[in-house]
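To start, the structure under review is shown below, and the notes come after it.
The values are calculated or read from the model by the stated rules, or taken from the named source; none is laboratory data. Note that this is a predicted model, so its numbers are computed, not measured. Ideal geometry is used to build each Cβ from the backbone, glycine not excepted, and the neighbour counts take in all protein chains shown. Remember, those area values only see protein heavy atoms, side chains included, never the ligands or the DNA or RNA. Shrake-Rupley method; radii C 1.70, N 1.55, O 1.52, S 1.80 Å.
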Amino acid sequence: MPQNSATFKQKIALFVRKFCVSAFVVFSFAAYVIHERTTNVGTRSDTVPFPGVINPTPPANSDAGQPPVVVITQVPSSSVNNIRQSPAATRAAPATVTPKPAAIAGSQYHDGTYTGSLANAHFGWVQVQTTIQNGQIANVQFLQYPSDRRTSQRINQYAAPLLTQEAIQAQSANVNIISGATLTSRAFTESLQSALSNAKA
Amino acid sequence: MKETRLLMGMPVTVEIVDAHATQHDLDCVYGYFEYVDAKFSTYKEASEISQINRGQLAIGQASDDMQLIFALADLTRQETDGYFDIQRNGYIDPSGLVKGWAIYNAAQLLRQRGFSNFYVDAGGDIQIAGHNAEGKRWRVGIRNPFNIHEIVKVLELTDCGVATSGTSIRGQHIYNPKQPDQLLESIVSLTVIGPNIYEADRFATAAFAMGTEGIWFIEQLEGFEGYMINKEGIATLTSNFGEFVAHD
């Protein structure tokens, strides 16, 4: 019995902490949107009403009423204004989020390099390889990737006259991060899951 | 500290340069992503969005986060003249908005914990903060859409968001809401730099759906720069994009 109540109290404490963090984050974001929309004068002509669906009427006996508008200081400041319309200020409902407990990665994968099976991406095959270090995913690489295009040196005849154009060129410089089209195809996920299954075995 | 986990169908990497980072900080970020995935993944049968798509849950009865996403999607649709639209043939997929929103919130979590030098990267969309381990702006490469093992541009960024929309696999998830049956073929990649990843991501998604006109949408949007690559391998840059390009 004491064991159960201690675990129960821990769960409640964890839940409360996660609730507070998530509620803060979500509410901060909602307030950021409101802040942006009410403090920036837009140059676009169409003004539209904020959709009413996200403004539920406050409960009849609520003491809180409407939440206060919070100015978020963590929002990265931009030296230029975004183009926005500025409709009448409205308020988003406070968030009540119930996040799942975080799963701790690393305990299920054995170190090494694992290759996934070929997965069909409709326009070709995808195969990935993943390297596990210290029980965690260190990187993911493509072994096979559909490619039905060729790089061309022809200049596109339809040129936007006022914007600079250039032929893309491979760069050999080192980078910290790579930004590319989101690779969320099922084929990518399938092959990576299969590689990770091999890492678990 | 740096970690990569597979979540939301993509590699999610978090790197914190600040010395006081702990595994617990990383776990909090990934915990948040797992929450987002469980709620918004159209690949998960039990997710809230799947319940909505099956008609088992009305949006008016949905959670606050879900309703917030729907409202933000509606706002974005109006701001982009309909080129951003999470609904297609009665099926709703908010992932184009959720990703940037989630990365942004995860970065806010880290800021709240006192970190100012880090990045959060989910599938190539990145929120950048402060400087890298060398004390310099983060060096971000744009992947070659024709050869995923190459990069074609090197950027130096701080305190901003960078998102790339594209179809490395032809006919992938982005389509033109105004011509839903037509595969997008004129451009293959559009990278947008914006004040944060939420803004960069939603406008990159919308601009990509506009085809070759998309770069003009980004050009006229104050505070955003873009790099568009067409199917011929020719890139078009917005006027001040060059300010972010590394010169070395």
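Observations, loosely collected:
- Selection of the stretch B:51-86 for residues being more than 10 Å from chain A (Cβ to nearest Cβ), farther than 24 Å from A:Thr38 by Cβ and hydroxyl-bearing (Ser, Thr, Tyr) yields only B:Tyr83.
- Among residues of the stretch B:4-27, those that are touching a residue at least 60 places away in the same chain (Cβ under 8 Å), facing chain A (nearest Cβ under 7 Å) and over 19 Å from B:Asp125 (Cα atoms), counted: 0
- Any hit, the stretch A:140-148, residues being out of contact with any Cys (no Cβ under 8 Å at 6 or more places or on another chain), at pLDDT below 55 and assigned to a loop (DSSP other than H, G, I, E, B): yes
- The set of residues in the stretch B:60-90 that are among the hydroxyl-bearing types (Ser, Thr, Tyr) and either without any contact (Cβ under 8 Å) to a residue 24 or more places away in the chain or part of a helix (DSSP H, G or I) (or both) contains only B:Thr76.
- Of all residues in the stretch B:97-116, those satisfying the criterion of being open to solvent by less than 10 Å² (accessible area, probe 1.4 Å) and farther than 11 Å from B:Ile16 by Cβ are B:Leu97, B:Val98, B:Gly100, B:Trp101, B:Ala102, B:Ile103, B:Tyr104, B:Asn105, B:Ala106, B:Leu109.
- If you go through the stretch B:220-229 and keep only what is modelled with pLDDT under 95 and either open to solvent by 10 Å² or more (accessible area, probe 1.4 Å) or in contact with a Leu (Cβ under 6 Å, 6 or more places away or on another chain) (or both), you end up with B:Gln220, B:Glu222.
- Any hit, the stretch B:176-196, residues being assigned to a loop (DSSP other than H, G, I, E, B), in contact with a Phe, Trp or Tyr (Cβ under 6 Å, 6 or more places away or on another chain) and modelled with pLDDT of 90 or more: yes
Conditions (1) at pLDDT 80 or above; (2) basic (Lys, Arg); (3) exposed (fewer than 14 other Cβ atoms within 10 Å of the Cβ), marked per residue:
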residue: A:Ala88; (1), (2), (3): no, no, yes
residue: A:Ala121; (1), (2), (3): no, no, no
residue: A:Gln136; (1), (2), (3): no, no, no
residue: A:Arg154; (1), (2), (3): no, yes, yes
residue: A:Ala159; (1), (2), (3): no, no, yes
residue: A:Asn176; (1), (2), (3): yes, no, no
residue: A:Gly180; (1), (2), (3): yes, no, no
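- Residue match in the stretch B:34-46 (condition: open to solvent by 10 Å² or more (accessible area, probe 1.4 Å) and more than 23 Å from the chain's Cα centre (by Cα)): yes
- Breaking point among (1) facing chain A (nearest Cβ under 7 Å); (2) touching a residue at least 12 places away in the same chain (Cβ under 8 Å); (3) of a type in the set (Val, Ile, Thr), for B:Ile234: (2)
- Here B:Gln87, B:Gln67, B:Gln51, B:Gln61 are screened, and the one residue that is among the polar types (S, T, N, Q) and crowded, with 20+ Cβ neighbours inside 10 Å is B:Gln67.
- Count of residues meeting criterion [under 17 Å from B:Thr158 (Cβ atoms) and more than 7 Å from chain A (Cβ to nearest Cβ)] in the stretch B:132-148: 5
- Residues being under 21 Å from B:Gly242 (Cβ atoms) and either among the hydroxyl-bearing types (Ser, Thr, Tyr) or free of Cβ contacts under 8 Å to residues at least 12 places away in the same chain (or both) - total across the stretch B:139-149: 1
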